[in-house]
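Following: one structure in structure tokens, then a few remarks.
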Amino acid sequence: MSNKQSIRLAVIGGVAVFLTAATGSAAPEDYVDGDARLVKRTVDTAALDKANRAEIKRLTLEASKPGHTEEKLDLAACYFNGVMVKQDYAEAAKWFRKAAEEGHPRAQTRLGDCYFDGRGVEQNDAEGLKWYHKAAEQGDTNALYCIGAFYYSGRHGLKQDQAEAVKWYRRAAELGAANIQVILASCYEHGYGVEKVDAEAVVWYRKAAELGDYQAQRHLGIRYETGVGVEKDEAEAVKWYRKAAKQDDPESLYRLGLCYEKGIGVKADRAEAIKWYRKAASGYQDAEDALKRLGVK
């Protein structure tokens with residue numbers, strides 16, 4: 001029997017390391033989260049196991065040194081995901097804690113997650129929130145957003161409070177987190193936790209759009225097309241749709257096609273409209289309907 005098997009190679013902290021042999025057809029995300037990437041390889045499993053043991057030994061040695069927080073976080077991720085070692089949530093939580101106590105905000109949120117989920121530690125929402133707050137105090141935008149989301153939906157022992165949620169979203173948005181700027185803009189657009197103010201929604205959509213967020217670019221385009229919260233400017237709408245379309249946003253591709261079909265902000269051009277509808281058509285029903293309307297198969 002051959003000792004060569006289909007396995008996965010992990011890239012942790014930018015370093016390629018072997019994993020134990022994996023079976024089945026599970027996708028990489030079934031094995032790890034954002035702390036490690038997986039790629040299929042075929043190698044000798046005896047050499048693989050030896051390499052795994054050596055790498056874990058090296059990583060443990062480095063992680064044990066004061067100040068080596070990234071190594072602590074990588075080792076915790078190995079134990080949490082079962083990468084190179086048997087999955088062990090308690091050991092993962094131990095190393096997350098060590099990195100968290102050294103002030104690593106990512107480790108602090110990961111330790112908070114352990115407490116929220118009861119993985120490797122006793123489930124404790126208050127303890128989870130404590131670690132999220134520590135990360136938030138360092139300006140970690142993910143922690144700020146998550147605390148806001150907990151207030152928004154009333155999770156992890158927090159009373160539902162949309163106004164309080166918006167305060168946390170704002171803190172993250174003001175630090176330049178484009179995706180959270182979009183969320184804050186949506187709050188102003190719909191009146192979630194704040195007074196509905198279209199002009200303020202435009203302010204935050206613009207900030208995120210200028211940072212390259214395609215959703216914000218699309219929303220800003222819609223605002224310019226409709227004149228809601230900003231002076232109507234169809235040419236400006238087309239500009240923002242085009243920016244989002246370059247990122248393959250289906251709705252923006254469709255809206256750009258509609259602009260060319262109807263002559264909104266650009267000269268009407270049936271061929272150009274069809275081109276953009278076709279780009280959007282895969283899985284986007286409005287674009288498929290538009291092509292049918294134009295008699296295009």
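The values are calculated or read from the model by the stated rules, or taken from the named source; none is laboratory data. The structure displayed is predicted, hence computed values, not measured ones. A quick note on method: Cβ atoms are made from the backbone with ideal geometry, for glycine too, and the neighbour counts reach across all protein chains shown.
Under the condition of being surrounded by 14 or more Cβ atoms within 10 Å (Cβ to Cβ) and either within 28 Å of the chain's Cα centre (by Cα) or among the hydrophobic types (A, V, I, L, M, F, W, C) (or both), which residue from the range 257-276 is farthest from Arg218 (Cα to Cα)? So, considering only residues that are surrounded by 14 or more Cβ atoms within 10 Å (Cβ to Cβ) and either within 28 Å of the chain's Cα centre (by Cα) or among the hydrophobic types (A, V, I, L, M, F, W, C) (or both), the one farthest from Arg218 (Cα to Cα) is Ile274.
On the given criteria, is Glu127 surrounded by fewer than 14 Cβ atoms within 10 Å (Cβ to Cβ), at pLDDT 95 or above and under 30 Å from Glu174 (Cα atoms)?
Details: surrounded by fewer than 14 Cβ atoms within 10 Å (Cβ to Cβ): no; at pLDDT 95 or above: yes; under 30 Å from Glu174 (Cα atoms): yes.
Here the answer is no, as Glu127 does not meet what is asked.
Looking across the range 175-193, the residues that are surrounded by fewer than 19 Cβ atoms within 10 Å (Cβ to Cβ) and more than 18 Å from the chain's Cα centre (by Cα) come down to His190, Gly191, Tyr192. Of the helices (runs of 4 or more DSSP H) lying entirely inside the range 133-225, the ones with 3 or more residues being polar (S, T, N, Q) are found at 141-153, 178-190. Pairs meeting the criteria (first residue in the range 245-268 and small (Gly, Ala, Ser), second residue assigned to a loop (DSSP other than H, G, I, E, B), beta carbons under 9 Å, at least 6 apart or on different chains) are Ser252/Lys246; Gly263/Asp269; Gly265/Asp233. Remark: pairs (first residue in the range 86-103, over 10 Å from Ala76 (Cβ atoms) and in contact (Cβ under 8 Å) with a residue 24 or more places away in the chain; second residue part of a helix (DSSP H, G or I) and polar (S, T, N, Q); Cβ separation under 7 Å; 6+ apart in sequence or on different chains) = Glu102/Thr69.
Quick check, is Gly103 buried (at least 20 other Cβ atoms within 10 Å of the Cβ) and modelled with pLDDT of 80 or more? So that I can check it myself, show each step before the final result.
Values: buried (at least 20 other Cβ atoms within 10 Å of the Cβ): no; modelled with pLDDT of 80 or more: yes.
It is false that Gly103 is buried (at least 20 other Cβ atoms within 10 Å of the Cβ) and modelled with pLDDT of 80 or more.
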